[in-house]
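A short worksheet on the structure shown next.
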Amino acid sequence: MLSALFGLLGLAAGAYAQAATSRPMVIVDEATTMRREPPPHGAIGSSTAYRISDAVPGRTMEFRKRILHPRSAIGLHQIAHDEVYYVLSGTGIVSSGGAKRPVRAGIAAYLFDGETVGIEQTGKAPLVLIIAYPIAK
């Protein structure tokens, strides 16, 4: 009987530990986060921003969608974390550490902590990106 009681206590403690560290998911409709604004780091042209992760309490990363309209760019800026630009549609040129590379739909640019980075829209169609990076602690 004593071993059964200790067994139940062990199960209860394990369930409590899981419940204490578990958080529910957060569902965000990007339409609720949309706003038109100049692109960051130089206000070069115009963009539509979807600050999707802003709605998530206690988050540890940023997850954003940004549409760079024709002749727009996220200007060169130094980053203090790794960052990913993932292209959903359109074309552009990504810069990092002085190097420039063309990007298009399906291309991810993994950018490293300490580099000076930016991206510019090219072509006729808007450049649609997902941008993700950790929040500084």
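Here, each number is a calculation from the coordinates, and none is a lab measurement. Model, not experiment: these values are computed from the prediction. Because the Cβ atoms are built from the backbone with ideal geometry, glycine has one as well, and the counts that use them run over all protein chains shown.
Using a cutoff of 8 angstrom between alpha carbon atoms and counting only pairs six or more residues apart, the relative contact order for the stretch 27-134 works out to 29 percent.
Be a star and scan the stretch 53-82 for residues whose amide nitrogen sits under 16 Å from the point 7 Å along the Cα-to-Cβ vector of ARG101. Flagged as within label range: 82. Coupling constants for the stretch 83-95 follow from the phi torsions by the Karplus curve (6.51 cos²θ - 1.76 cosθ + 1.60, θ = phi - 60°), and in residue order they are 8, 10, 9, 10, 8, 8, 7, x, 10, x, 10, 9, 10 Hz; glycine and proline get x. For the pair THR48 and ALA136, a Förster radius of 41 Å applied to the C-beta separation gives a FRET efficiency near 0.95, rounded to the nearest 0.05. The H on the amide N of ARG59, modeled in the peptide plane, is under 5 Å from the matching H of no residue at least 5 residues off or on a different chain.
What FRET efficiency, computed as 1/(1 + (r/R0)^6) with R0 = 41 Å and r the Cβ-Cβ distance, is obtained for MET61 and ARG36, rounded to the nearest 0.05? In this case the efficiency is close to 0.95.
Backbone geometry of the stretch 30-46 corresponds, through the Karplus equation with coefficients 6.51, -1.76 and 1.60 at θ = phi - 60°, to 3J(HN,Hα) couplings of 4, 4, 7, 10, 5, 7, 8, 7, x, x, x, 6, x, 6, 8, x, 9 Hz, x marking Gly and Pro. Calculate the tail of P(r) for the stretch 27-134: the fraction of all Cα-Cα distances greater than 19 Å, expressed in %. So the pairs more than 19 Å apart make up 41 percent of the total in the stretch 27-134.
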